[in-house]
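Notes to accompany the following structure.
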Amino acid sequence: MPALPFSDTPTEPTPSSPPAQERPPACPPLRWQRELADAVRDPEELCQMLSLDPALATDARRAAGDFSLLVPRGFVARMRPGDPHDPLLLQVLPRPAERTHVAGFSADPLEEKHALASPGLVQKYAGRVLLLATGGCAINCRYCFRREFPYAESGATQAGVEAALETVAADPTIHEVILSGGDPLLLDDDRLAKLVARLEAMPHVRRLRIHSRLPIVLPSRVTDELTAILSRTRLTCVVVVHANHPAELDSTVAAAIARLADARPILLNQAVLLTGVNDSADVLTQLSERLIDLGIVPYYLHLLDRVQGTAAFEVDERSALALHEQLRTTLPGYAVPRLAREVPGEPAKVWIG
Ligand SMILES: *Cc1c(COP(=O)(O)O)cnc(C)c1O
Ligand code: SF4
């Protein structure tokens with residue numbers, strides 16, 4: 001058996017403590033790691049940067065709870081100063097409505113805790129598994145399931161990843177491993193390379209899928225080394241980025257996607273339909289057009305998972321269907337994402353419409 005790819009540090013580094021202690025001293029942090037360490041965490045600072053009413057920062061501090069503000073500066077730079085309704089800002093600024101309990105919204109609406117095939121591995125669908133590579137992200141999106149997900153108990157740790165790899169190795173029905181989290185690209189290139197090498201050594205594994213928002217929110221993460229890792233693997237690579245609004249896709253993201261495309265992965269996007277962010281046919285059309293320009297195929301438009309604290313973002317199914325119908329009239333078929341929702345117990349994501 002090959003050497004374990006991970007050190008035996010029991011917990012993941014969090015974005016607030018960059019993994020300095022894990023790197024040899026001779027190896028200075030890379031640009032993306034410095035940008036991550038320097039991300040905005042203070043609501044007052046964010047409001048000041050965007051010339052917003054300081055009262056929003058006071059509200060944000062109260063509303064955030066354990067899921068604090070976190071946003072890289074490059075993402076803030078794409079927000080419109082002075083606009084409290086900016087669609088990028090709304091995704092990251094904690095708002096008082098998060099504290100309100102709403103019927104039907106719960107901590108684990110997808111019942112993921114029951115779908116753990118082993119620590120660090122979620123299997124719900126045939127042939128593919130989600131490997132929880134880390135619990136951390138470079139950004140805290142307010143609508144995210146992460147705000148409630150018990151990563152520590154669910155094996156999103158190095159020991160959990162090791163157990164997950166053993167489970168995948170022993171199950172010949174698994175053809176695709178989906179790196180998820182958290183954001184799997186928070187792993188550095190060295191750890192990612194070792195993880196890919198482990199998967200590659202399993203003959204039944206054919207595809208590597210990476211679900212990541214980092215190419216969007218921290219485009220410097222797309223290093224030449226990352227592209228090299230994806231280029232040299234025998235696995236078919238699918239990279240699913242997570243962009244919700246066309247304004248997220250600026251020139252820095254375009255350059256990152258161009259670097260990534262050198263590895264010739266299948267490039268897809270997954271968006272979440274969010275009130276105030278992208279619940280308009282015009283915005284969704286622009287998002288798809290921009291994605292296609294960058295060589296990314298819109299894959300899913302997800303209805304919100306009903307996680308506690310996220311109700312203000314929900315778009316009801318009827319409005320979602322109407323929006324989707326409109327998209328079918330404005331876009332070529334390949335640029336219309338599938339409208340989908342996750343329903344616990346179903347053998348696949350449920351397509352709506
Ligand atoms: C969403 C999801 C997948 C991927 O589903 P696709 O329809 O193949 O994109 C796989 N496993 C789990 C647990 C998921 O939640
Ligand atoms: S998992 Fe995705 S949606 Fe959730 S905080 Fe991370 S980047 Fe945002």
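The values are calculated or read from the model by the stated rules, or taken from the named source; none is laboratory data. In this text, all values refer to a predicted model and were calculated from it rather than measured experimentally. Here the Cβ positions follow ideal geometry from the backbone for every residue, glycine too, while neighbour counts run over all protein chains shown.
For the range 211-222, the set of residues classified as within 15 Å of N140 (Cα to Cα), more than 16 Å from ligand 1 (Cβ to nearest atom) and either free of Cβ contacts under 8 Å to residues at least 24 places away in the same chain or of a type in the set (K, R) (or both) is empty. The set of residues from the range 82-101 being at pLDDT below 95 and farther than 13 Å from A64 by Cα comprises just one member, H101. Before we move on, is R232 surrounded by fewer than 18 Cβ atoms within 10 Å (Cβ to Cβ), of a type in the set (K, R) and at positive phi? It is false that R232 is surrounded by fewer than 18 Cβ atoms within 10 Å (Cβ to Cβ), of a type in the set (K, R) and at positive phi. Checked across the range 240-261, the condition of being within 16 Å of ligand 1 (Cβ to nearest atom), touching a helix residue (DSSP H, G or I) at 6+ places or on another chain (Cβ under 7 Å) and farther than 30 Å from A103 by Cα holds for at least one residue.
Tell me which residues, restricted to the range 89-133, are of a type outside the set (D, E, K, R), surrounded by fewer than 19 Cβ atoms within 10 Å (Cβ to Cβ) and more than 16 Å from ligand 1 (Cβ to nearest atom). Answer for the range 89-133, where residues must be of a type outside the set (D, E, K, R), surrounded by fewer than 19 Cβ atoms within 10 Å (Cβ to Cβ) and more than 16 Å from ligand 1 (Cβ to nearest atom): P96, A97, T100, H101, V102, A103, G104, F105, S106, A107. Sub-7 Å Cβ pairs linking a first residue in the range 230-246 that is farther than 19 Å from R259 by Cβ and in the same structural domain as I210 (by TED's automatic domain parsing) to a second residue that is surrounded by fewer than 22 Cβ atoms within 10 Å (Cβ to Cβ) and polar (S, T, N, Q), at least 6 apart or interchain, are P246/Q286, ordered by first then second residue.
Among the helices (runs of 4 or more DSSP H) confined to the range 134-210, the ones with at least 2 residues that are more than 15 Å from ligand 1 (Cβ to nearest atom), farther than 21 Å from L70 by Cβ and in contact (Cβ under 8 Å) with a residue 24 or more places away in the chain are located at 158-169, 189-200. Would you confirm whether any residue within the range 251-266 is touching a residue at least 40 places away in the same chain (Cβ under 8 Å), surrounded by fewer than 22 Cβ atoms within 10 Å (Cβ to Cβ), in contact with an Asp or Glu (Cβ under 8 Å, 6 or more places away or on another chain) and not aliphatic (A, V, I, L, M)? Looking through the range 251-266, none of the residues is touching a residue at least 40 places away in the same chain (Cβ under 8 Å), surrounded by fewer than 22 Cβ atoms within 10 Å (Cβ to Cβ), in contact with an Asp or Glu (Cβ under 8 Å, 6 or more places away or on another chain) and not aliphatic (A, V, I, L, M).
Answer yes or no as to whether V315 is among the aliphatic types (A, V, I, L, M), assigned to a loop (DSSP other than H, G, I, E, B) and either over 14 Å from I216 (Cβ atoms) or modelled with pLDDT of 95 or more (or both). The answer is yes for V315.
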